[in-house]
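Since the structure comes first, as structure tokens, the remarks are kept for the end.
The values are calculated or read from the model by the stated rules, or taken from the named source; none is laboratory data. Small disclaimer: the values here were computed from a predicted structure and weren't measured. Positions of Cβ are generated from backbone atoms using ideal geometry, with glycine treated the same way; all protein chains shown enter the neighbour counts.
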Amino acid sequence: MSTTKFTARARGVLAGVVVFGTLVISLGVAVPSSSAASKFCTTLFSYETQYASKATPPTSLTGYKAWAKELLPFYKTLASEAPDAAAKTVLNEVVVILKYESTQTSLTKLTKYVAANSKKFEASEKTLAKDIEACA
């Protein structure tokens with residue numbers, strides 16, 4: 001798999017989880033203060049200011065590892081604040097993948113890992129979408 005395809009898949013897998021949140025933010029929607037999921041929503045909305053510039057992972061192995069390590073705390077926090085079990089499961093899966101990717105030493109193995117998990121995460125975006133939309 002070429003580096004370009006690797007980057008595209010990685011971006012889709014990880015950035016796709018927060019794409020709905022980014023859209024909501026860009027439309028200027030406020031975070032609900034009385035919602036049971038308000039911590040989750042507040043953390044989700046912090047993506048725009050803290051992490052959006054890093055949505056596309058670097059193409060070098062060293063850069064990619066650093067990128068995954070930098071996003072890890074954001075996804076750990078989202079997982080801990082998830083409003084339901086399905087969202088918690090999905091976000092914990094992202095955390096596991098980011099942990100693996102932040103320590104991988106082989107670009108070939110990393111590429112295979114991302115490819116093997118991409119369909120799983122495409123499906124899980126639908127699970128998470130309703131919780132993200134509830135923040136609007």
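From the set of residues in segment 114-136 that are within 13 Å of I97 (Cα to Cα) and without any contact (Cβ under 8 Å) to a residue 60 or more places away in the chain, which is surrounded by the most Cβ atoms within 10 Å (Cβ to Cβ)? Going through the qualifying residues, I end up with K120. Only residues that are under 16 Å from C135 (Cα atoms) and of a type outside the set (K, R) were counted across segment 87-107, and they come to 1.
Restricted to segment 77-118, and to residues there that are under 22 Å from T59 (Cβ atoms) and charged (D, E, K, R), the residue that is farthest from the chain's Cα centre (by Cα) is K109. Looking only at segment 64-82, decide whether some residue is at pLDDT 85 or above, acidic (D, E) and buried (at least 17 other Cβ atoms within 10 Å of the Cβ). Yes.
The single residue among T111, T89 that is surrounded by fewer than 18 Cβ atoms within 10 Å (Cβ to Cβ) and on the phi < 0 side of the Ramachandran plot turns out to be T89. Annotation note: of L44, L98, L23, the sole residue that is at pLDDT below 65 and under 21 Å from K126 (Cβ atoms) is L23. Candidates are the residues of segment 59-105 that are outside any helix (DSSP H, G or I) and in contact (Cβ under 8 Å) with a residue 24 or more places away in the chain; the one that is farthest from T42 (Cα to Cα) is T105.
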